[in-house]
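These notes concern the structure reproduced below.
The values are calculated or read from the model by the stated rules, or taken from the named source; none is laboratory data. Just so it is clear, the model here is predicted, and its values are computed rather than measured. Virtual Cβ from ideal backbone geometry, glycine too; neighbours counted across all protein chains shown. Only protein heavy atoms, including side chains, enter the accessible area calculation; ligands, DNA and RNA are left aside. Shrake-Rupley method; radii C 1.70, N 1.55, O 1.52, S 1.80 Å.
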Amino acid sequence: MSIISETSASRYRASQRFLHRLLSIVLISALAIGLYCSYLTPGAPLRRALLDVHKSLGMMALVLVTIRLPLRLSLGEPAIGVRLTSSTTMLPAARIFCSTP
């Protein structure tokens, strides 16, 4: 049995999750196209076409952020089922620094 219930109050809304996933796809695509274009010869027709797509994806990301931010501020965040103490959140970091090789 899970401590955190899967109700709508404990999850982000579908619109927020959709915008989050769409923005991640747009940003990863823009990054991949930009990196690929850096290896192409300057002035090549393929590079110019891909850079146009790269710029369009950047503008789309800007529009999505301007939609996402007010939506997040108006809808808020979901309730957390279990509150963690500071010692619980610091424990994994302590294991990394205190472990012996």
Take the residues of segment 42-51 that are assigned to a helix (DSSP H, G or I), without any contact (Cβ under 8 Å) to a residue 12 or more places away in the chain and open to solvent by less than 90 Å² (accessible area, probe 1.4 Å): which is nearest to ALA14 (Cα to Cα)?
-> ALA49
Mind telling me which of the residues GLY76, GLY34, GLY58 ends up being of a type outside the set (Lys, Arg), on the phi > 0 side of the Ramachandran plot and either modelled with pLDDT of 70 or more or under 15 Å from the mean Cα position of the chain (by Cα) (or both)?
-> GLY76
If only one of VAL65, VAL26 is open to solvent by less than 90 Å² (accessible area, probe 1.4 Å), under 20 Å from PRO78 (Cα atoms), hydrophobic (A, V, I, L, M, F, W, C) and in a helix (DSSP H, G or I), which one is it?
-> VAL65
LEU91: passes all of (1) modelled with pLDDT under 90; (2) open to solvent by 100 Å² or more (accessible area, probe 1.4 Å); (3) in a helix (DSSP H, G or I) but (2)
